[in-house]
1. How many residues are under 12 Å from L124 (Cα atoms) and surrounded by fewer than 16 Cβ atoms within 10 Å (Cβ to Cβ) when one looks only at region 163-174?
2. Surrounded by 16 or more Cβ atoms within 10 Å (Cβ to Cβ), under 20 Å from T166 (Cβ atoms) and not aromatic (F, W, Y), is that true of V33?
3. Residue pairs, Cβ under 7 Å, 6 or more apart or interchain, first in region 166-195 and more than 16 Å from L116 (Cβ to Cβ), second modelled with pLDDT of 95 or more and part of a helix (DSSP H, G or I). List them.
4. Does A21 satisfy being crowded, with 17+ Cβ neighbours inside 10 Å, touching a residue at least 60 places away in the same chain (Cβ under 8 Å) and under 20 Å from C136 (Cβ atoms)?
5. Scan region 175-208 for residues that are farther than 19 Å from F91 by Cα, of a type outside the set (S, T, Y) and surrounded by fewer than 16 Cβ atoms within 10 Å (Cβ to Cβ) and report the count.
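The values are calculated or read from the model by the stated rules, or taken from the named source; none is laboratory data. These numbers come from a predicted model, not from an experiment. We place every Cβ from the backbone using ideal geometry, glycine too, and count neighbours over all the protein chains shown.
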Amino acid sequence: MIRGPRLVLLGKQGAGKGTQAARLSERYGIAHVATGDLFRAAAAAGTPAGIEAERYMNRGDLVPDNLVFQIVAERFAEGGPLEHGFVLDGFPRTRRQAEKLEAALETHPLDLVINLDVPTEIVLDRLAGRRVCESCGTTYHVSAPPKNDWICDVCGGRVVQREDDTEEAVLRRLELYDEETVPIIDFYRKLGKLVVVDGVGESDDVFARLVAQVEQRVQPLQT
Ligand code: ADP
């Protein structure tokens with residue numbers, strides 16, 4: 001049986017992981033598992049895990065591992081991602097999470113880990129101007145807003161600034177990225193699973209680079 005790829009997308013905040021992961025998910029018919037989106041949905045729904053996670057997220061801190069593992073396990077338990085393929089966006093982001101994931105995926109190993117590389121000056125500008133639909137998560141920039149007065153072009157939801165896109169929280173998140181997430185780039189490099197893709201430029205061009213890597217490196221896609 002043909003299956004979709006099992007991918008991880010790494011990259012700084014504002015590197016474009018969310019946008020590109022959604023496009024990869026559509027292209028290959030695979031699940032898009034975005035831990036940040038899962039936490040924001042849980043917080044909006046008022047679940048205990050969501051309310052606890054929100055305290056950390058709004059400060060730009062990492063959510064404790066037990067909550068992260070819980071939300072990822074729930075998403076995988078919905079059925080499908082393991083067999084049909086997935087793209088992980090925002091997970092793993094610590095060495096411990098990466099090790100735990102490797103162990104959990106024993107019989108369904110990752111095909112490829114992509115580091116979407118964008119310099120810090122560029123992500124700072126993207127994040128300062130970033131606006132997000134609170135219903136469907138589509139992102140915009142103040143320089144390219146939705147057509148009608150901050151109403152989402154895709155779903156009609158309200159387009160707002162994320163609580164953690166304040167300058168203080170952004171700096172904290174980038175600091176944690178360097179401390180906690182950069183070491184896992186090396187972890188995957190040593191496993192021979194890492195590829196670096198230039199994330200600067202038009203979304204379509206970045207997407208074409210990603211697809212080229214997936215198609216070159218993930219063959220054949222059999223279960
Ligand atoms: P960003 O990558 O820009 O920080 P996300 O939407 O991926 O945005 O994540 C938002 C927040 O959710 C993070 O700042 C963190 O608080 C929490 N979070 C998401 N994924 C994880 C994770 N794997 N481990 C710990 N915290 C996480």
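1. The qualifying residues number 3.
2. Details: surrounded by 16 or more Cβ atoms within 10 Å (Cβ to Cβ): yes; under 20 Å from T166 (Cβ atoms): no; not aromatic (F, W, Y): yes.
It is false that V33 is surrounded by 16 or more Cβ atoms within 10 Å (Cβ to Cβ), under 20 Å from T166 (Cβ atoms) and not aromatic (F, W, Y).
3. From residues that are more than 16 Å from L116 (Cβ to Cβ), the pairs are P183/R95; F187/R95; F187/A98.
4. Numbers: crowded, with 17+ Cβ neighbours inside 10 Å: yes; touching a residue at least 60 places away in the same chain (Cβ under 8 Å): yes; under 20 Å from C136 (Cβ atoms): yes.
Here the answer is yes, as A21 does meet what is asked.
5. Residues meeting the conditions: 7.
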